[in-house]
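In what follows, a structure is listed as structure tokens, so that the remarks can point back to it.
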Amino acid sequence: MNEEGKTIFITGGSRGIGKEIAIKFAKSGYNIVTNYVSDKTDVEKLKTELKNEGAKGVIIEKADVTNSQDMETLVKKAIESFEKIDVLVNNAGITKDNLLIRMSEEEFDRVIEVNLKGTYIVTKLVTKYMMKKRKGSIVNLSSIVGIVGNSGQCNYSASKAGIIGFTKSIAKELASRNIRANAVAPGFIETDMTDVLQESVKENIFKQIPLNRMGTAKEVAELVYFLGEDTSAYITGQVISIDGGMS
Ligand code: NAD
């Protein structure tokens, strides 16, 4: 349980994997701070849901991870309300798939900006406070395609491979301050992001997954929880795959 009043800052916690991660930490009584971008998000409903799951305090705001000023305001609000941030999960991510030959600069830039630069922006802001406390755990959402590549996703794969290099570097920089950084690399997980795939595409994917099914957001949340908590205190700079044996 959350006797110390622990806080998790998770980007993109309004739905999919991010929401399941928020729920998992809420069940242990964490304070939850999160952001999202979609206008359709029902903030009050999500707040109530997280509190009902056990979250002590909840802050949810519409803020783009690529806007460093908005993110700084949200991080400051988290510190003012909850005093420290114990766990940072960089989860917000987008895809804009296309074959290289057809990929526009806008498609390439935006995916790198949200997935990779957004991770840098938020990590830098939160790390400042973790350093003061000499404690923290950072978990970044990479992807299997950042390790093995994927046709039609050169922008997304590059962003997710970039997250791996970023994570390994900051793990080395921050270890002396007792701050850990790890990445998780999910395979195909049932969420809105993969919902858009055609049935024929999904069947083809299943053939490549030894466990013969997609993973669930809950399964990813369990892994992120383990990496966020002190049960993984001697693990840093790692990329943990959660992909049904795909890689
Ligand atoms: P999703 O599309 O369901 O949710 C993404 C979340 O990120 C939403 O809350 C959205 O509001 C937020 N977001 C998007 N752009 C943002 C921005 N600019 N600023 C702030 N928030 C923003 O996605 P998901 O499937 O839950 O994926 C979550 C993470 O896991 C992503 O980083 C994704 O790349 C990664 N991942 C997903 C899968 C999968 O199969 N679903 C596999 C590997 C990795």
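The values are calculated or read from the model by the stated rules, or taken from the named source; none is laboratory data. As the structure is a prediction and not an experimental result, all values here were calculated from the model. For neighbour counting, all protein chains shown are included, and Cβ atoms are generated from backbone atoms with ideal geometry for every residue, glycine included. The area values use the complete protein model at the heavy-atom level, side chains included, leaving out ligands, DNA and RNA. Shrake-Rupley method; radii C 1.70, N 1.55, O 1.52, S 1.80 Å.
Quick notes
- Selection of first residues in region 205-222 that are modelled with pLDDT under 95 and of second residues that are open to solvent by 100 Å² or more (accessible area, probe 1.4 Å) and near the ligand (Cβ under 10 Å from one of its atoms), restricted to Cβ pairs under 6 Å at least 6 apart or on distinct chains, gives the following pairs, ordered by first then second residue: Met214/Glu190.
- Qualifying residue in region 136-145 (condition: surrounded by 15 or more Cβ atoms within 10 Å (Cβ to Cβ) and more than 30 Å from Glu107 (Cα to Cα)): yes
- When residues of region 72-95 are limited to those that are within 17 Å of Leu141 (Cβ to Cβ) and not hydrophobic (A, V, I, L, M, F, W, C), the one surrounded by the most Cβ atoms within 10 Å (Cβ to Cβ): Asn90
- Whichever residue in region 80-139 is within 22 Å of Lys62 (Cβ to Cβ) and small (Gly, Ala, Ser) and, among such residues, is farthest from the chain's Cα centre (by Cα): Ser81
- Meets criteria (more than 11 Å from the ligand (Cβ to nearest atom), assigned to a loop (DSSP other than H, G, I, E, B), of a type in the set (A, V, I, L, M) and surrounded by 16 or more Cβ atoms within 10 Å (Cβ to Cβ)) for Ile240: no
- Scan of region 167-206 for residues that are aliphatic (A, V, I, L, M) and within 12 Å of the ligand (Cβ to nearest atom), ordered by number: Ala183, Val184, Ala185, Ile189, Met193, Val196, Leu197, Ile205
- Against the conditions (1) within 13 Å of the ligand (Cβ to nearest atom); (2) crowded, with 20+ Cβ neighbours inside 10 Å; (3) not hydrophobic (A, V, I, L, M, F, W, C), Asn31 satisfies every one except (1).
- When Asp97, Asp42, Asp70, Asp64 are checked against the criterion of being modelled with pLDDT under 95, out of contact with any Ser or Thr (no Cβ under 6 Å at 6 or more places or on another chain) and within 14 Å of the ligand (Cβ to nearest atom), Asp42 stands alone in meeting it.
- Looking only at region 140-166, and only at residues there that are among the β-branched types (Val, Ile, Thr) and within 11 Å of the ligand (Cβ to nearest atom), the one that is nearest to the chain's Cα centre (by Cα): Ile163
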